[in-house]
Structure formats: C-alpha cells, structure tokens
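Data block below; observations after.
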Amino acid sequence: MGWKSEWERARSDPEGFWMEQATAIDWVRMPTKALHDLGGPVPEWFADGAVNTCWNAVDRHVAAGHGDRLALIHDSPATESVARITYAELQDRVARLAGALRARGVTTGDRVIIYMPMVPEAVEGMLACARIGAIHSVVFGGFAASELAVRIDDAKPVAVLAGSCGIEPTRVVAYKPLLDDALAKAAHKPDFCLILQRDELRSETGPRDFDWHEAIAQAEPADCVPVAGNHPAYILYTSGTTGAPKGVVRPTGGHLVALEWSMTNVYDVAPGEVFWAASDVGWVVGHSYICYAPLIHGCTSVVFEGKPVGMPDAGTFWRVIADHGVAAFFTAPTAFRAIRREDPEAGMLEGHDLSALRTIFLAGERADPDTIEWLARVTGKPVIDHWWQTETGWTIAGNPVGLEALPVKIGSPSVPMPGYDIRILDEGGHEVAPGTLGAIAIRLPLPPGCLPGLWNAEARFVKSYLATFPGFYETGDAGMIDADGYVWIMARTDDVINVAGHRLSTGAIEEALAAHPDVAECAVVGMADAVKGQVPLGLLCLTRGVDRPQEEIAAECVALVRERIGPVASFRHVCVVERLPKTRSGKTLRATMARVAEGAEVRVPATIDDPAILDEIRQALARIGLPRS
Ligand code: COA
Ligand code: AMP
C-alpha cells in the first residue's frame, strides 16, 4: 500500500476508508457511518458514535496491560529536573483531577480554560476535561492578560486551571497575577480556579482559588464519560485577520481517528516508542503531538520545559533526544535556526547518541532549505517538512514516511495526505495549471479531525473559510502544486504573520498600537528575521502636532503591544512615517509595505497614488537601522 493508492482510496471511498481507520479507536458505540450531514455548513464525522478521548489516550493502554509503560517524561531544563509518569500513574492522576473538577460542578459540555506552563499537569488537565466531556481551551502562557480575557469572555469557562508561574530563560513569569488581571478585565467570571503552586514562585490565592494538590488528594476518581462522536473535544483560539481570535473547534471522533492514523503513517512510530514534539501545549502542535496523538497511540511523550538555546545551551535538544531515546522528533524550523546560530557546526551534538532517532519533522512555518540541509547534514537523519494549521489539527501535506517515504523536494512539504483534496485556485475560483501560484484551497469535505466550525461563530466560520470559493475550504495560504503533485507553500493571503512558528494577527497588533494617543494611523507588516522567520514591524503616522521624541513614542508603543498582546508578539521595531501607502479605496497596501520592509525590489502598483511614500518608508527604515535581507 503506497501513498498514492491510500490517497485515492480516501478520495473515492471516504466512508470505507475512514470507517476502516476508525476501528483503531475504542468506541463505546461504533458510528454507523463516517460522514453525517447535520444541516450545518459542513458535514461532520462519526457523529452518531459514542467515545471518550481519555479512555483512548490513557485507560485502554492500562487495560491492555501496559500500565508500567512510560506515558510522559517531563524533561525540564527550566527547573533542572526530569520526572517520569507511567500510564497507570497517569490514569490515577487524571481520574482524580477529573473527580476534583466534577466535585466542583464541572460537567459534560462545560468549558475549562487551561493557562499553564509546560508541566505534566497541563496535559493532565486536558485529559481530565476529556474524561468528563468538558471542553478545554488552552491559552499559551506568552499571551498578555487582555488576550486571556478575550478568550475567557468568548469561551465562558466554568473553571480555569492555572500554574503559579512559568519559567523563561531570563525571568520567572508570574502567571497568577496575569490570570487575576484577566479575570478582572473579563465580563465572564468562572466559578473557580485550580492553581498549581510551583516552588519557583508560589502565588497568592483568593476566594475563588483552590490548591491543585489538595483538590486532587481529596478527590474521588472520575470514570470516563462517553460523548457523541461530534462532541467538541476542545476549543483552540488562533489568529485571524481581525483582532478577535477565532475559536477553532475540534470534534472528538474525527480527532481520535485522524491522530491515530497519523502516528503510524505520517510519523512512523510504534506503540511504546518515544515521541517528542518540542512545542507548547498552547499551540496546536502541542495539543496534537505533545498530548493527544502520542498517548492515543500508546507512545511515551516528552513534555519539555525549556528552550533550544540558553537553557543551558544549544546542546539541549541533542541531550534530550539521546537521554530518552526519542524515535521521532518534531519542532518548528525556528528552533534549529536558533541552535545553528549558537553552534554553527553542531559541536554540541558530540557525545549524544542519536541512534534511536529515525526522523526529524518540521512544521509551523516555512522550512527554509538552508536549515533543512544543515539539519540533515549535522544529524545524518531524514528531515521531513509538513504543512498544517490549527484548523486541521494534523497534516494537510506531508511526506508519509510510515506509509511510503517519498523523494524529498527541499522547500516543499510534499504531497496531500488522504482526505485532503488540495486545489490551487485563481481569484475567480478557477483551478490553475501545475506550477502556477494561487490560493490554496481544499475541496470539501475536509477529512476527520478538521474544524467543523468556530466556537459560537458560524457566520464567521463561513465567511473566513467557505465563502470565497464555494465548495472549498480556503486555507489562507498561497502556493502551487508542481507537475509531480508536490505542494509548495509560499505566503499567507491574509493578515497573519508567522513569528518563531507562532501565528499572529497584524490586525490585533494594529489595534493595540491604535490605542496610543499619539498614533493617528498605523500598519503592521512582517519583516524578515534570521531566527524567527518573521517579526512584526509597526509603521506609525503620528497625530498632527505631536512633537515628542519619536524614540519615546516608539518605546511606549513597544510596551503597549507587550501589555495588550504579550511577549509572544516579539514586537520591537517601530518606525514613524509621514504617510502609509493606500489604494484609491483607502485600504492600506500591506503587501507592498512588507516588500519594502524586507528590502526587496518594490514594483509600485498602479493603484498607489504617490510612490514617493515608498521611498519615505524606505528611508525611515534605514534611519532606525533595521536589517534588510
Ligand atoms: N510564557 C511566558 N512568556 C513566554 C512564553 C510562555 N510560555 N513563551 C515565550 N514567552 C516570551 C519569551 O520569554 C519572550 O519574551 P522576551 O521578549 O522577554 O524575551 C517572548 O515571549 C518571545 O518568545 P519566543 O518567540 O519564543 O522567543 P524566544 O527568543 O524566547 O525563543 C525560539 C525563540 C526560536 C528559541 C523559540 O520560539 C522556540 O523554541 N520556538 C520553536 C518551538 C515552538 O515553540 N514552536 C511553536 C509551533 S510548533
Ligand atoms: P498554525 O495554525 O499556528 O499552526 O499556523 C498555520 C500556518 O503556519 C499555515 O497556514 C502556514 O501559513 C504556516 N505553516 C505551517 N506549517 C508550514 C509549513 N510546513 N510550510 C510553510 N508554512 C507553514
């Protein structure tokens, strides 16, 4: 069975193909069929089945006699500690945590926000929600209180699970005050918060707060609660064009089936092997490949609390891979760019035995050929790029090494996975010839696991993804398919930028900047960065009559974005300009400005009234000494 025949089978007989894959999951009630038209904008997978995610990720492995197998390894250079948790221990910890939630009134369908650092308890929190059918929404720790507040108001959680602090290379981040600030800002108030006190920084607690360990110690373990196949497993907020994040909904049954399929076919790992995704549980990679997929498949998952460099050094990744016998490793290219900058010849690799490692996987942003070639050379391992999104939850295009290792074309994440019928469309929605650039769209239905909608926002779901090309899902990426069927991802078609593998909305940053009293108008564009791929650049037009020093205003704007969006935005560059380029309709020409920011040759579109503005921006960039690639 090769890739092509499996892809064809999934296309010609989606019912047969996905019902067959569904047999790898333990169902309380097997679905009678795969696709269900429930009258919503898209059909839903396995809707009449009954299933529990936590059972599949934890209990079934214990029941099968693998209770002594390691489920999680918490390797934390941040706290200089390593902890190991078996499946039997995980079952006990998760069942108790689920019991603690249930005892405080959390029930099926309730939302629970998780705002935690990279500790096993974050994964346990996710699994405990799944156990009782509660819908979790994990918020990345690098977001500011106001971003957390927006998510609280949208998800309306009954509970929040939080750590007292996170540990970054230069500082301990007090999470609890951020949570308190968010709760003060939010209109919705959860019933209670469960706080995991960490020794590095314990936090004050209030009347709404319970201590995590005490709550678990007193709790009766809770059993797994079966939910419908299309029950929302979780909500994960992601950046879109506007400042309001989109709550991507993950359906339970499709999620289980797709992730289980991916472990064998995309990642080529067997139950019992060690899988490591160096990401964060706050991102989709962390959801799918730190928490769910490795556990559903019965692997050992490494929960890493650290950084690729500076904790303690650029040899950390090699050390972790060697120490735990990692068989498949997954991270974003930016991590290896950071390592390479510190250790160009990978001298730190010496002494670390990588013999268990079969494949390195990259995703989250464009994998630049330079990084792939360097990584393949220094490790001697296959480096596999794959392309996916928060919305899909698993690979759209990849090189399915477990199914069939296809020839690698550096710069392309390879070919569509079964269930994804990728088409390149022009502005009119017509398919273009191979090798021609266009919008990347996926013919509906999307495969199992992909979003059936946005949380409480059906109209936005339709507008964002389904309206532009009727019958297709619009990915928001532009690119092409070559004559061999390989997909090439070139750019976003919307206002999303990718900073160190993190997806950010330029619109959200603009909204923050616009709140500064001296800013009359602003635009944010992505600027090339050697390590992070892109970083945001703020272009500001000041209010008439403002004559304060520009550096002062710039510093305030940097602080403002950090306060409103969070450190994750990596917002450091501000540049004051006289005017911003506009189309005649008044829309800011973002793509043009981005090209200026990257120092590329700028072809002035006929729609710009005054090309002198571009020169002005160029000079302003030179004045603040921004790097131009
Ligand atoms: N809690 C609080 N703050 C956080 C945080 C968290 N969980 N994660 C990041 N931050 C902060 C950082 O401390 C940094 O703050 P600073 O401005 O005070 O330095 C800021 O947010 C930006 O973080 P980041 O973009 O991660 O930059 P970095 O310089 O700390 O590290 C990399 C850069 C490339 C090493 C890092 O982003 C990385 O390892 N990325 C690859 C893995 C990954 O996360 N992939 C995601 C998708 S697969
Ligand atoms: P996120 O939803 O945060 O995972 O971000 C998804 C976006 O990241 C995609 O729409 C792409 O723009 C980009 N992306 C992810 N993986 C790749 C890849 N392998 N190659 C190019 N871009 C990628």
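Rule-based calculations on the coordinates, nothing more; no lab input. Only a predicted model underlies this, so the values are computations on that prediction, with no experimental measurement involved. With ideal geometry, Cβ positions are generated from the backbone for all residues, glycine too; neighbour counts draw on all protein chains shown.
Built from the Cα atoms of the stretch 43-128, the convex hull projects on average onto 7.5 nm², one quarter of its surface area. Here is the list for the stretch 484-545: trypsin sites (Lys or Arg not before Pro) lying in DSSP coil, each with at most 16 other C-beta atoms within 10 angstrom of its C-beta, are Arg544.
How would the stretch 53-192 be classified by its alpha-carbon gyration tensor: rounded, prolate or oblate, with rounded meaning a/c under 1.5 and the a/b versus b/c comparison settling the rest? Verdict is oblate for the stretch 53-192.
Report Rg/Rh for the stretch 441-583, rounded to two decimals, where Rg is the Cα radius of gyration and Rh the Kirkwood radius. The partial results should precede the final answer.
Working: Rg = 18.5 Å, Rh = 17.5 Å.
Result for the stretch 441-583 is an Rg/Rh of 1.06.
Can you tell me the order of 452-461, 568-577 when each peptide is scored by its average per-residue count of other Cβ atoms within 10 angstrom, highest first?
Numbers: 452-461: 18.3, 568-577: 21.2.
Result, highest mean Cβ count within 10 Å first: 568-577, 452-461.
The ellipsoid equivalent to the alpha-carbon distribution of the stretch 244-328 has semi-axes of 24, 19, 8 angstrom, derived from the gyration tensor eigenvalues as √(5λ) and listed largest first.
Return the percentage of antiparallel bridges among DSSP beta bridges fully within the chain, rounded to the nearest 5 %. Please list the in-between numbers first.
Numbers: 59 of 98 bridges.
That works out to approximately 60 percent antiparallel.
Packing here is the average count of other Cβ atoms within 10 Å per residue, and on that basis the peptides 310-318, 185-193, 130-138, highest first, run 130-138, 310-318, 185-193.
Lysine pairs in the chain whose alpha-carbon atoms fall under 16 angstrom of each other, counting only those eight or more residues apart or on distinct chains, come to 8.
Test of the criteria: in the stretch 1-110, which GluC sites (Glu not before Pro) are in a DSSP loop and have at most 13 other Cβ atoms within 10 angstrom of their Cβ? Intermediate results must be reported in sequence, preceding the final value.
On the way: sites: Glu6, Glu8, Glu15, Glu20, Glu44, Glu80, Glu89; in loops: Glu80.
Passing sites in the stretch 1-110 are Glu80.
Across the chain, Cα-Cα distances exceeding 45 Å account for 15% of all pairs.
Computed over the alpha-carbon pairs of the stretch 119-252, the distance histogram in 5 Å steps reads 2, 9, 18, 23, 21, 15, 9, 3, 1, 0 percent, short to long.
Placing one equal scatterer on every Cα of the stretch 359-455 and applying the Debye formula, the log10 ratio I(q)/I(0) at q = 0.11, 0.18 Å⁻¹ is -0.38, -0.93.
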